[in-house]
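Chemist: Just passing along the structure, written as structure tokens.
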Amino acid sequence: MFAIALKQDQYKTYLLSDQLAQSQLEVVPERGGIITRWSIRGHDILYLDAERFADPTLSVRGGIPILFPICGNLPDNTYSHNGQAYTLKQHGFARDLPWEVSDRITQGSVGLTLTLRSNEQTRAVYPFDFVLNFTYRLQGSTLTLHQQVINESSEPMPFAIGLHPYFAVADKSKLSFDIPATELQSHRDYSTHYFNGQFDFDSDEIDVIFHSPSRQTSAVTDGDRHLRLQLSYEPPYSKLVFWTLKGKDFYCLEPWSAPRNAINTGQHLSLLQPGDRLDTQVTLAVAVS
């Protein structure tokens, strides 16, 4: 049985349930359209810093924030378009703005479609008219994130898109990784290193990008919690970022369509023609043993 319920905490929160699979999703549209919680048979799949979430002046650290129209940060938070400079903060604005609920699904699966439209606030930092439609669909232990970008401008629209999921973990030493890449690049100094499938969790911070995974599926096994997470994505997603902090009970495995500063360099930047739309999806599947 699939159901959608509503609760009012600090923010209006939608609860999507697949009751037979004992799987539940929580979505907060007005706080950046974010998924804040996903549980399967009592296991919390996602991490959430509740104190940061409660403070609207801070970016959320946890759940699955949406990255648009850039991934990562820009030098001096600045880019240029048609000779004019614009200021755009790290990861863009989609994760900070309120989204609208535009559809609900309870047949065959349970889902919620959220919509974000360009407005005066977005045009001040990103001079394009757009519509973003995100559909979160839950069925069993699989979460699918359908994403649609529509260019309503009269000129081509450059952008990058990404997701920043925070996965809960109690003991990082029990994690094993199946990431289809042999090289990674540090986001700190842009040095390139060989990747042998392991990370040094004694480091204060790990912030790296995989530029050329050989396939569009990766997996992480948590031996402590007996969970296996599989992440799959479609084009234009082409990058994977791994980020974690020492002493924090999360790791992030983030699909990005383009690297940092792509809106300035053009590297892997998507360019959507006037009136065109892009449809893509990211799928998260969890196996609990």
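Chemist: Check off (1) crowded, with 17+ Cβ neighbours inside 10 Å; (2) within 21 Å of the chain's Cα centre (by Cα) for F128 and give me the number that stays unchecked.
Modeler: For F128, the exception is condition (2).
Chemist: Go through region 117-144 and give me each residue that's closer than 14 Å to L278 by Cβ and aliphatic (A, V, I, L, M).
Modeler: Within region 117-144, V131, L132 qualify.
Chemist: Could you count how many residues in region 186-199 are open to solvent by less than 40 Å² (accessible area, probe 1.4 Å) and closer than 19 Å to Y251 by Cα?
Modeler: Counting residues in region 186-199 that are open to solvent by less than 40 Å² (accessible area, probe 1.4 Å) and closer than 19 Å to Y251 by Cα gives 5.
Chemist: Could you tell me whether region 138-149 includes any residue that is more than 16 Å from L284 (Cβ to Cβ) and part of a strand (DSSP E or B)?
Modeler: For region 138-149, residues more than 16 Å from L284 (Cβ to Cβ) and part of a strand (DSSP E or B): present.
Chemist: Only one of these is without any contact (Cβ under 8 Å) to a residue 40 or more places away in the chain and basic (K, R): R61, R52, R31. Name it.
Modeler: Of the residues listed, the single one that is without any contact (Cβ under 8 Å) to a residue 40 or more places away in the chain and basic (K, R) is R52.
Chemist: Using the structure shown, decide if D55 is open to solvent by 50 Å² or more (accessible area, probe 1.4 Å) and more than 20 Å from E155 (Cβ to Cβ).
Modeler: Yes, satisfied.
Chemist: If you scan region 77-98, which residues turn out to be open to solvent by 70 Å² or more (accessible area, probe 1.4 Å) and either touching a residue at least 60 places away in the same chain (Cβ under 8 Å) or closer than 26 Å to F53 by Cα (or both)?
Modeler: Within region 77-98, S80, T87, K89, Q90, P98 meet the criteria.
Chemist: Give me the strands (runs of 3 or more DSSP E) completely within region 250-289, filtered to those with at least 1 residues that are surrounded by fewer than 17 Cβ atoms within 10 Å (Cβ to Cβ) and of a type in the set (G, A, S), ordered by residue number.
Modeler: 277-288
Chemist: Could you list, in sequence order, all residues of region 225-249 that are open to solvent by 70 Å² or more (accessible area, probe 1.4 Å), over 16 Å from the mean Cα position of the chain (by Cα) and over 21 Å from H193 (Cα atoms)?
Modeler: Result: H226, R228, G247, K248, D249.
Chemist: Condition first: more than 22 Å from L67 (Cα to Cα) and outside any loop (DSSP other than H, G, I, E, B). Now tell me which residues in region 221-244 satisfy that.
Modeler: Once the filter is applied, which keeps residues that are more than 22 Å from L67 (Cα to Cα) and outside any loop (DSSP other than H, G, I, E, B), region 221-244 yields T221, D222, L227, R228.
Table: residues versus (1) at pLDDT 95 or above; (2) surrounded by 20 or more Cβ atoms within 10 Å (Cβ to Cβ); (3) closer than 20 Å to E254 by Cβ.
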{"residue": "A124", "(1), (2), (3)": "yes, no, no"}
{"residue": "Y136", "(1), (2), (3)": "yes, yes, yes"}
{"residue": "H146", "(1), (2), (3)": "yes, no, yes"}
{"residue": "H164", "(1), (2), (3)": "yes, yes, yes"}
{"residue": "A170", "(1), (2), (3)": "yes, no, no"}
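Chemist: Give region 156-188 a look and list any residue that's part of a strand (DSSP E or B), touching a residue at least 60 places away in the same chain (Cβ under 8 Å) and over 20 Å from the mean Cα position of the chain (by Cα), or say none.
Modeler: Within region 156-188, M157, L175 qualify.
Chemist: Right, here's the next one. Among the candidates V110, V28, V101, which residue alone is modelled with pLDDT of 95 or more, out of contact with any Asp or Glu (no Cβ under 7 Å at 6 or more places or on another chain) and open to solvent by less than 30 Å² (accessible area, probe 1.4 Å)?
Modeler: V28
Chemist: Among the residues of region 83-129, write down those that are within 24 Å of A258 (Cα to Cα) and in contact with a Pro (Cβ under 6 Å, 6 or more places away or on another chain).
Modeler: Answer for region 83-129, where residues must be within 24 Å of A258 (Cα to Cα) and in contact with a Pro (Cβ under 6 Å, 6 or more places away or on another chain): G92, R95, W99, L114, Y126.
Chemist: Any residue that is more than 14 Å from the chain's Cα centre (by Cα) and charged (D, E, K, R) - is there at least one of those in region 82-100?
Modeler: Yes, that holds for at least one residue.
The values are calculated or read from the model by the stated rules, or taken from the named source; none is laboratory data. Please read all numbers here as calculations on a predicted model, not as lab measurements. Quick reminder, even Gly has a Cβ in these numbers, built from the backbone with ideal geometry, and neighbours come from all protein chains shown. In case anyone asks, the SASA skips ligands and DNA or RNA and just uses the protein heavy atoms, side chains included. Shrake-Rupley method; radii C 1.70, N 1.55, O 1.52, S 1.80 Å.
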